[in-house]
């Protein structure tokens, strides 16, 4: 019985880590860099997904398949998280911030800014 409880605890930890703010941000950035808006919306809140849809209809969203970034830090406070990264593939200086919120148990991107 003790072994079963330990195994369940380890599995729970693995599942919770697979949807961390950093991993969701990585999937979001990877898909947006190649212009896969439909897949990007899997990692965003519905309102941010609608904003991306609107933006993609009125202008082209920049695509950079060679996009590279460096993770800087992350912060989690309750149901909100911030992931900071540096864009290594552009001439833009500074740290970018992706803001996430816990939505039905999953981390979702709701904003990105410098």
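The values are calculated or read from the model by the stated rules, or taken from the named source; none is laboratory data. Every value quoted in this text rests on a predicted model; they were computed, and no experiment measured them. Glycine also receives a Cβ, built like all others from the backbone with ideal geometry; neighbour counts cover every protein chain displayed.
Contact annotation: residue pairs with Cβ atoms under 7 Å, 6 or more positions apart or on different chains, pairing a residue in the range 22-35 that is under 11 Å from residue 52 (Cβ atoms) with a partner that is at pLDDT 95 or above and surrounded by fewer than 16 Cβ atoms within 10 Å (Cβ to Cβ), are 31/39.
Just name the residue that is nearest to residue 92 (Cα to Cα) out of those in the range 22-65 that are touching a helix residue (DSSP H, G or I) at 6+ places or on another chain (Cβ under 8 Å) and outside any helix (DSSP H, G or I). Here the answer is 64. Checked against (1) crowded, with 17+ Cβ neighbours inside 10 Å; (2) in contact (Cβ under 8 Å) with a residue 24 or more places away in the chain; (3) more than 12 Å from the chain's Cα centre (by Cα), residue 63 passes all but a single condition, namely (1). Of all residues in the range 78-114, those satisfying the criterion of being farther than 11 Å from residue 21 by Cβ and part of a strand (DSSP E or B) are 85, 86, 87, 95, 96, 97, 103, 110, 111, 112, 113.
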